[in-house]
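Visitor: One structure, pasted below without further comment.
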Amino acid sequence: MLDAVEAGDARRRVPRTDLVLADARLVAAAERLGRSTVKAAVVAAQEQARRGELAPDLVPDAAVAALPDGAASMRPVINATGVVLHTNLGRAALSAAAVGALRTAAGHTDVELDLATGLRAGRGRGAIAALAGAVPAAEAVHVVNNGAAALLLAATALAAGREIVVSRGELVEIGDGFRLPDLIRSTGARLREVGTTNRTTPRDYAEALGPETGFVLKVHPSNFVVQGFTSAVPAGALAGLGVPLVVDIGSGLLAPEPLLPDEPDAATTLAAGATLVTASGDKLLGGPQAGLLLGRRDAVEALRRHPLARALRVDKLTLAALEATLTGPPTPTALALHANLAGLRDRAELLADRLREAGVAAVTGESASVVGGGGAPGVVLPSVAVRLPPQLAAALRTGTPAVVGRVEHGALLLDLRCVRPADDDALYAAVVVAAGFA
Ligand SMILES: *Cc1c(COP(=O)(O)O)cnc(C)c1O
């Protein structure tokens, strides 16, 4: 702080905006971030100087220090929640291969052009071929914006003005007020509910079928489990009813995952006789947000040719990231899911040791990770966390990088399952800064 006389003096000596903006660092920043962002940082620094909180000759330095890292406001977060697919944190983190593909596709790219012939080519054919190759049981595949769009397209193209037969136990809310029955009704298809909340039998379905039936829909309850006196009809038993069977498996597993035995997958569901499977790309598949449609050629073609398909068309960035997810190395989602407990414990102990040396009250403890809203409800993955005083939670969330943990029983838990080992040093530094020991 400056005293009153100095402050008045400082006000007069605050450098002019155009002079500050000529600073080479700010000129370069304007090219990266846009002039208005840089100017806002300069104006804020000038204000500080006018209030006497900053020496006038430090205005350019303060403006440079206050610049955001990127032009978009979304910030990177270290996911220490232990929730593998955290909807509020953007579900699946992309692999380095997918990020590289995004960068390449960000410019002009041959998304819809055959460079050999110079003629127009199938849009995103690499991603389509990769998806078809990953699930040989599918005769054809199509990709739309997200799982909800996949269901919307299937309902519109195959059942508008007709009935969709569905169990009362599968009329689910996915989250944030998004209810499947509302989505289906919005397409003009009528819902024909069968069975009860806890029990639905093959006969319930059979009795509801008729000339009005568009298809039978089976929905995986991906965020809750019903226990007790329950029964549901497996896809295989619904396949022989003489009407198309659409199965919304939710999670995007393409093949069985031994770690999650109750989670349905596309290959098994198609082999059981489903006409069409719909799924999300950014759940257990570990890719970008996308809606995957796999199944019989005639059904997929009907969707692809429907006018609504164009409104649900995916971006070149999604296609690039999806292809790299399917053909590239294991995704961060797969790595988090399969993280070895002993390895997590070693990392947590090392991190806690280093933090204690830096004067932070840190210990390690057991933790329970979950897959999250993206699938496998009720499955607990044993994990390890560094336990910290809960007062650090807010400072960690607002630090750089932001760190989001879980406050439980009066402690802040940083569960390492979803933290990339390469981020352990950044996590350590973030905690030290948050604790005020920097
Ligand atoms: C997540 C989910 C959806 C919605 O998928 P989005 O990709 O989020 O649009 C639909 N059905 C089920 C069963 C789901 O789990």
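Visitor: Per DSSP H run of n ≥ 4, the term is -39500 (n - 2.57); total these for the chain, divide by its residue number, and report the mean residue ellipticity at 222 nm rounded to 500 deg cm²/dmol.
Guide: The helix-only estimate for the chain comes to -11000 deg cm²/dmol at 222 nm.
Visitor: Hey, another quick one. Could you order D204, D248 so the one with the most accessible surface comes first? Probe is 1.4 Å.
Guide: So the residues, ranked largest to smallest area, are D204, D248.
Visitor: Rank-order 164-170, 214-220 by packing density, defined as the average count of other C-beta atoms within 10 Å over each peptide's residues, highest first.
Guide: By packing density, highest mean first, the sequence is 214-220, 164-170.
Visitor: Still on this model: Where Lys and Arg each count +1 and Asp and Glu each count -1, what net charge lies around V166 among other residues with Cβ under 9 Å from its Cβ?
Guide: Within the 9 Å Cβ shell, the charges total +1.
Visitor: Find the accessible area per residue for the chain; the probe is 1.4 Å, ligands and nucleic acids are left out, and the unit is Å².
Guide: So the chain comes to 48 Å² accessible per residue, rounded to a whole number.
Visitor: Tell me whether segment 227-331 comes out rounded, prolate or oblate; compute the Cα gyration tensor, take square roots of the eigenvalues as a ≥ b ≥ c, and use a/c under 1.5 as the rounded threshold.
Guide: The shape class here is oblate.
Visitor: Same structure again: May I ask for the Rg/Rh ratio of segment 4-66, computed from Cα atoms with Rh as the Kirkwood radius, given to two decimals?
Guide: Looking at segment 4-66, the ratio lands at 1.00.
Visitor: Okay, moving on. With a sphere of radius 13 Å drawn around the Cβ of R417, what net charge do the other residues whose Cβ falls strictly inside it have (Lys, Arg +1; Asp, Glu -1)?
Guide: Combined, the nearby Lys, Arg, Asp and Glu give 0.
Visitor: Separate question: Checking a compactness column here: for segment 106-259, what do you get for Rg(Cα) / (2.2 N^0.38 Å), N being the number of residues?
Guide: Normalised Rg, Cα atoms only: 1.23.
Visitor: Given a 1.4 angstrom probe, I'd like the percentage of the accessible area of segment 125-237 that is carbon and sulfur, rounded to a whole number.
Guide: Solvent-exposed carbon and sulfur of segment 125-237 make up 52 percent of the total.
Visitor: Give me the number: length gained by fully extending L115 to T230, i.e. 0.36 nm times residue separation minus the C-alpha to C-alpha distance, one decimal in nm.
Guide: Length gained, L115 through T230: 35.8 nm.
Visitor: Once neighbouring chains are kept in place and the probe is 1.4 Å, which whole percent of the accessible area of segment 4-66 is contributed by carbon and sulfur?
Guide: The C+S portion of the solvent-accessible surface of segment 4-66 is 54 percent.
Visitor: Where a ≥ b ≥ c are the square roots of the eigenvalues of the C-alpha gyration tensor, would you call the chain rounded, which needs a/c under 1.5, or, failing that, prolate if a/b is larger than b/c, or oblate?
Guide: Prolate shape, in that a/c is at least 1.5 and a/b is the bigger ratio.
Visitor: Based on the mean of other beta carbon atoms within 10 Å per residue, what is the order of 388-396, 152-160, 75-83, 12-20, most packed first?
Guide: Ranked by mean Cβ neighbours within 10 Å, highest first: 152-160, 75-83, 388-396, 12-20.
Visitor: Can you give the net charge of the other residues whose Cβ lies under 11 Å from the Cβ of R91, counting K and R as +1 and D and E as -1?
Guide: Summing Lys and Arg as +1 and Asp and Glu as -1 gives 0.
Visitor: Then there is this: Could you pull out every one of the lysines with an alpha carbon less than 27 Å from that of K283, ignoring same-chain neighbours closer than 8 positions?
Guide: The qualifying lysines are K218, K316.
Visitor: Quote the accessible area belonging to S280 in square angstrom, nearest 10, computed with a 1.4 Å probe and with ligands, DNA and RNA left uncounted.
Guide: 10 Å²
Visitor: What are the DSSP H helices in the chain that stretch 20 Å or more along their long axis, judged by alpha-carbon atoms, and whose average Kyte-Doolittle hydropathy comes to at least -0.5?
Guide: Helices meeting the criterion: 35-50, 341-357.
The values are calculated or read from the model by the stated rules, or taken from the named source; none is laboratory data. As the structure is a prediction and not an experimental result, all values here were calculated from the model. A quick note on method: Cβ atoms are made from the backbone with ideal geometry, for glycine too, and the neighbour counts reach across all protein chains shown. Keep in mind that these areas ignore ligands, DNA and RNA; they rest on the heavy atoms of the full protein, side chains included. Shrake-Rupley method; radii C 1.70, N 1.55, O 1.52, S 1.80 Å.
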